[in-house]
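Structure first, commentary second.
The values are calculated or read from the model by the stated rules, or taken from the named source; none is laboratory data. For clarity, every value in this text was computed on a predicted model and none was experimentally measured. Every residue, glycine as well, gets a Cβ built from its backbone with ideal geometry; the counts of neighbours run over all protein chains shown. Accessible surface is based on the protein model in full, side chains and every heavy atom, while ligands, DNA and RNA are left aside. Shrake-Rupley method; radii C 1.70, N 1.55, O 1.52, S 1.80 Å.
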Amino acid sequence: MKSTCIRHPIWTFAALLLFVVSFSAAEDWPQFQRDATKSGLTGDNVPIKPAVIWSADLQSVDLQPIICLGTVYVLAGNGTLWALDEVTGGVIWKSQMDGRAFQSSTPACDGERIYAASDTGDLAAFDARTGEMIWTDHLTDKRFECPVTYADGRIFLGESIAYGKGLKRYFSFDRDGNEYWNATAETSGYLWNGASVAGDFVIWGDNDGMLVSVNLTDGTIVDELDLRDESRISFAKEDAGRIRSSVSYKDGYVYTSSEFSLNIGYAWKIGFDQTTGLFEDDGWGTAVGFSTSTPVVYNGRAYLGVGEHGQLGELVCLDDSSGELIWSYPLDGGVKASPAVSVNDDEVRICFVTAKVDTSAYCIEDTGREGELLWSFNPPDKGYAVGSVAISGGSVYFGTDSGTLYCLSDEAGEEGGFENKT
């Protein structure tokens, strides 16, 4: 294991003071796409002319960092859970889970505990302040590859696509690891299929192109929707393909994406009655190309990434009422990750990474008519990125599979690797 090091430790007192002040009003990003609806939205600013404030050398980072109460948490490739100071990047603690090489399940924090799931099928809880392991449980030999969802004392998590199609479980636990229920289905499993909470129901997708609605209290499956089923939704698609994204929920609608081939995939908006738990024939399915990106919806627009590993990609902006394309921003790599969107003073800025070797992070501003590059950053480690970025306190956080976690901000730091629009 590489030890953590801070590459940019020397700041002026004034710069540090300014960053601490901005941090004091920061919004947390405590789980995948920030909350239990997977909104992907924050009121925090993003940097305008960013620099690398700090970077930390960990094991491979293939998932979204989370930020809670001044601490950045990330589950590294060998199962090490790291806690880093949000301002300086200094190591607060690290704890070891049973883990192999590739972790893709983003942990969740409830303010007191971190809940983390590994590729060996373990789920564990850690004291957020000290890193002490409170409990751990080996639940499956089928791995965990979807983000942990936390809501009101409940944890939600599904078994991965390991061993092909078969009986796979989506679990609900309390804070102490006691199982409330598991919803078992004949399915290929859950890859990046994080759950979203809507009223008294939990919704997720699966690798077979199915959406599932479950009673939050007892785990009863209330409704199942095949995205190919024209008898259920008038905008169904025969080539809907697989859902390999999380579900987001907003104002009576479920949003997700799907992929059928390198060139075929869809963005989806589907009506959902949160009083009955039933999917409704209301919404759209828009052809956007291959997508594993969870849509972010704001002010009548839906944003998501398009493109597979190593392929050309784009960020697209769709009209939320019709699903029609408003604009797209082409990129030299696929955008498998989900966007993180900053909304501040009517400025909408979308941050994400491309899924390619020698990756870049981008910030695109929605000007109304088009997406305009605010900045891009090509990390010096030349690594690959598949995890989404997180935003907190005016900073952007993301990692690469080379094992480096970056904090980008407007404060004093190293400016190499950036391209700005001005």
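Residues in region 289-308 that are in contact with a Gly (Cβ under 6 Å, 6 or more places away or on another chain) and under 23 Å from Asp239 (Cβ atoms) were compared, and the one that is surrounded by the most Cβ atoms within 10 Å (Cβ to Cβ) is Ser293. On the given criteria, is Ser261 crowded, with 24+ Cβ neighbours inside 10 Å and closer than 20 Å to Tyr190 by Cα? No, not satisfied.
Okay, residues lined up against (1) open to solvent by less than 10 Å² (accessible area, probe 1.4 Å); (2) under 19 Å from Gly79 (Cβ atoms); (3) of a type in the set (Gly, Ala, Ser); (4) touching a residue at least 60 places away in the same chain (Cβ under 8 Å):
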| residue | (1), (2), (3), (4) |
| --- | --- |
| Asp98 | no, yes, no, no |
| Ser105 | yes, yes, yes, no |
| Asp137 | no, yes, no, no |
| Asp141 | no, yes, no, no |
| Gly153 | no, no, yes, no |
| Leu157 | yes, yes, no, no |
| Ile161 | no, no, no, no |
| Arg169 | no, no, no, no |
| Ser172 | yes, no, yes, no |
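Within region 188-197, identify whether any single residue is at pLDDT below 95, of a type outside the set (Phe, Trp, Tyr), surrounded by fewer than 23 Cβ atoms within 10 Å (Cβ to Cβ) and not in a strand (DSSP E or B), and answer yes or no. No, region 188-197 contains no residue that is at pLDDT below 95, of a type outside the set (Phe, Trp, Tyr), surrounded by fewer than 23 Cβ atoms within 10 Å (Cβ to Cβ) and not in a strand (DSSP E or B).
Restricting region 309-332 to residues that are at pLDDT 95 or above and small (Gly, Ala, Ser) leaves a set whose member that is most open to solvent (accessible area, probe 1.4 Å) is Ser321.
In this structure, Asp28 does not satisfy being touching a strand residue (DSSP E or B) at 6+ places or on another chain (Cβ under 8 Å), under 23 Å from Gln96 (Cβ atoms), open to solvent by 10 Å² or more (accessible area, probe 1.4 Å) and at pLDDT 95 or above.
Here are Leu374, Leu318, Leu304: which of them is in contact (Cβ under 8 Å) with a residue 60 or more places away in the chain, part of a strand (DSSP E or B) and in contact with a strand residue (DSSP E or B) (Cβ under 9 Å, 6 or more places away or on another chain)? Among Leu374, Leu318, Leu304, only Leu374 is in contact (Cβ under 8 Å) with a residue 60 or more places away in the chain, part of a strand (DSSP E or B) and in contact with a strand residue (DSSP E or B) (Cβ under 9 Å, 6 or more places away or on another chain). So which of Ala116, Ala195 ends up being within 17 Å of the chain's Cα centre (by Cα) and more than 28 Å from Asp251 (Cα to Cα)? Going through Ala116, Ala195 in turn, the sole match is Ala116. You will find that of Phe290, Phe352, the residue that is more than 14 Å from the chain's Cα centre (by Cα), among the aromatic types (Phe, Trp, Tyr) and at pLDDT 95 or above is Phe290 and no other.
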